[in-house]
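Asks: Here's a structure for you.
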Amino acid sequence: MRLSDTILITGASGMIGGALRRILQEGHYTRLLVPSHADLELRDARQVEAYFTKHKPDVVFHLAARVGGIHANNTYPGQFVYDNTVIQANVFEAARKSGVKKLLFPGSACTYPKLAPQPVQEKELMNGPVEPTNIAYAAAKINGIIMAQSYAREYDMNIIIPMPTNTYGVGDNFDPKASHVIPALMRRFHEAKQKSLPEVVIWGSGAPLREFIYVDDIAQIFIFLMQNYDAHDIINAGTMQEISIKDLAAKIAKIVDYSGKISFDATKSDGAPRKMLDSSRLFGLGWKPQVSLSEGLQRMYETHFTRIAA
Ligand code: GFB
């Protein structure tokens, strides 16, 4: 990827796309294409093809996707499988026809088998059944990975496929019905603090283990791989640090300065019991995470909420 390249970011208004756009601009990449949903309907193959023909991007970060936390994935599986399957197929096909030089397509940690040995290595993909709460999203992403690798092989395209772990940060979605656990808990603790509520309820048992990566780190990995990686083998992108949902809740409560009780609603789904990626291949290329969980949570809280005087 060169400074003179025309770079298309699909999903530039999303959390990761927004961070990527900012970091590329700071790095003096000036020829950025960042169409909004109103500018370009990615579910419409003709529109996508016409856009690629007109703008001729050299490099594509295909980040547009329907994403959400455990509740949204479990409630809208039809939308998750349809939107993601169609959007990625349209983008790959338009990229093929217009001769894009390099394309990045993120897979997801949730495509790995639910009970894969931990930390999960890349070779575990399709080695067992995935977690049922996100099977539709995972199926679309697995289809995308196979399609990307098939296009790379048959049409000699340069497509790279990082596998991001659970990502959070500034620009996250705080809608309780759609959000992932970090924005959901930050908002719930903040509102409980504001209203002096005695108790905050966390979904599930609190026992699941998760690995989290700050959005700027994922954006930096995508740029790093765009510059330093040219294989279509999937490559894990995480921090290799994990935390239980219970400990995460306590950490967020501390940042928000909430001192009430934390309890657990075991009727809600836990999802995968443990999800940590083995990112040693990425680390071996020379990349290391920059933002710790505590620092990332602090940045996110200060950006999105006003601290309440004690
Ligand atoms: O972040 P989350 O929805 O993603 O949930 P997943 C992580 C864990 O936090 C689960 C618990 O065990 C949840 O039960 N949790 C506790 C909560 N309280 C809450 C809450 O208020 N909101 C949410 N959302 N969770 C998603 C997949 O799985 O991970 C997606 O469904 C995607 O497909 C994403 O891959 C990265 O890690 O369980």
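The values are calculated or read from the model by the stated rules, or taken from the named source; none is laboratory data. These numbers come from a predicted model, not from an experiment. Note that each Cβ is placed from the backbone with ideal geometry, even for glycine, and that neighbours are counted across all protein chains shown. Note: accessible area is taken over every heavy atom of the protein model, side chains too, but ligands, DNA and RNA are not part of it. Shrake-Rupley method; radii C 1.70, N 1.55, O 1.52, S 1.80 Å.
Asks: What does the charge count around Val48 come to, taking other residues whose C-beta lies under 14 Å from its C-beta (Lys +1, Arg +1, Asp -1, Glu -1)?
Replies: 0
Asks: From the square roots a ≥ b ≥ c of the eigenvalues of the alpha-carbon gyration tensor of the range 224-310, which class results: rounded (a/c under 1.5), prolate (a/b over b/c), or oblate?
Replies: Verdict is oblate for the range 224-310.
Asks: List the residues whose amide H sits under 5 Å from the amide H of Leu33, counting only those 5 or more places along or on another chain, with H placed 1.01 Å from N in the peptide plane.
Replies: Here Ile7, Leu8, Ile9 satisfy the definition.
Asks: Ratio of alpha-carbon Rg to the 2.2 N^0.38 Å globular estimate for the chain, to two decimals, please. If you can, show how the numbers build up before the last one.
Replies: Values: Rg = 19.4 Å, N = 310, 2.2 N^0.38 = 19.5 Å.
Dividing the Cα radius of gyration by 2.2 N^0.38 Å gives 1.00.
Asks: If you average the sequence gap of Cα pairs under 8 Å that are 6 or more apart and divide by the length of the range 1-138, what percent do you get for the contact order?
Replies: Reported as a whole number, the value is 25 percent.
Asks: On a full-extension model of 0.36 nm per residue, what is the gain between Asp156 and Asp44, subtracting their alpha-carbon distance, rounded to one decimal in nm?
Replies: 37.8 nm
Asks: Excluding residues fewer than 8 places away in the same chain, name every one of the aspartates and glutamates whose C-alpha is closer than 14 Å to that of Lys141.
Replies: Asp83, Glu131
Asks: Sequence-distant or interchain residues sharing an amide H contact under 5 Å with Leu103, placed H: which?
Replies: It is Val60, Asn158, Ile159, Ile160, by chain and number.
Asks: Classify the range 73-142 as rounded, prolate or oblate, taking a ≥ b ≥ c as the square roots of the eigenvalues of its Cα gyration tensor: rounded when a/c is under 1.5, otherwise prolate if a/b is larger than b/c and oblate if not.
Replies: Here the range 73-142 falls in the oblate category.
Asks: Run through the range 149-209 and list the trypsin sites (Lys or Arg not before Pro) located in a DSSP loop whose Cβ has at most 16 other Cβ atoms within 10 Å.
Replies: Lys177, Lys195
Asks: So what's the range 153-288 giving for Rg/Rh, alpha carbon basis, Kirkwood Rh from the mean inverse pair distance?
Replies: Result for the range 153-288 is an Rg/Rh of 1.07.
Asks: Please list, in order along the range 19-36, the HN-Hα scalar couplings obtained from phi with the Karplus expression 6.51 cos²θ - 1.76 cosθ + 1.60 (θ = phi - 60°), rounded to whole Hz, x for Gly and Pro.
Replies: 5, 4, 4, 4, 5, 5, 4, 4, x, 6, 7, 9, 9, 9, 9, 10, x, 7
Asks: For the range 22-124, what does the accessible surface come to per residue with a 1.4 Å probe? Please give it in Å².
Replies: Solvent-accessible surface per residue comes out at 47 Å².
Asks: Report ³J(HN,Hα) in whole Hz for each residue of the range 282-292, in order, from the Karplus equation J = 6.51 cos²θ - 1.76 cosθ + 1.60 where θ = phi - 60°; Gly and Pro get x.
Replies: The phi angles translate into 5, 4, x, 7, x, 9, 9, x, 9, 10, 6 Hz.
Asks: Looking at the chain, send over the antiparallel percent of its DSSP beta bridges, to the nearest 5.
Replies: Details: 2 of 28 bridges.
The antiparallel fraction comes to roughly 5 percent.
Asks: With each run of n ≥ 4 DSSP H residues scored as -39500 (n - 2.57), what mean residue ellipticity at 222 nm is computed for the chain after dividing by its residue count and rounding to the nearest 500 deg cm²/dmol?
Replies: Result for the chain, helices only: -13000 deg cm²/dmol.
Asks: Let me ask something else. Heavy atoms only, probe 1.4 Å: what % of the accessible area of the chain goes to carbon and sulfur, would you let me know?
Replies: Values: 7160 of 14000 Å².
Carbon with sulfur: 51 percent of the solvent-accessible area.
Asks: Related question: Tell me, what is the per residue accessible area of the range 204-310 in Å², probe radius 1.4 Å? Walk me through the numbers before you get to the answer.
Replies: On the way: 4870 Å² over 107 residues.
For the range 204-310, the per-residue accessible area is 46 Å².
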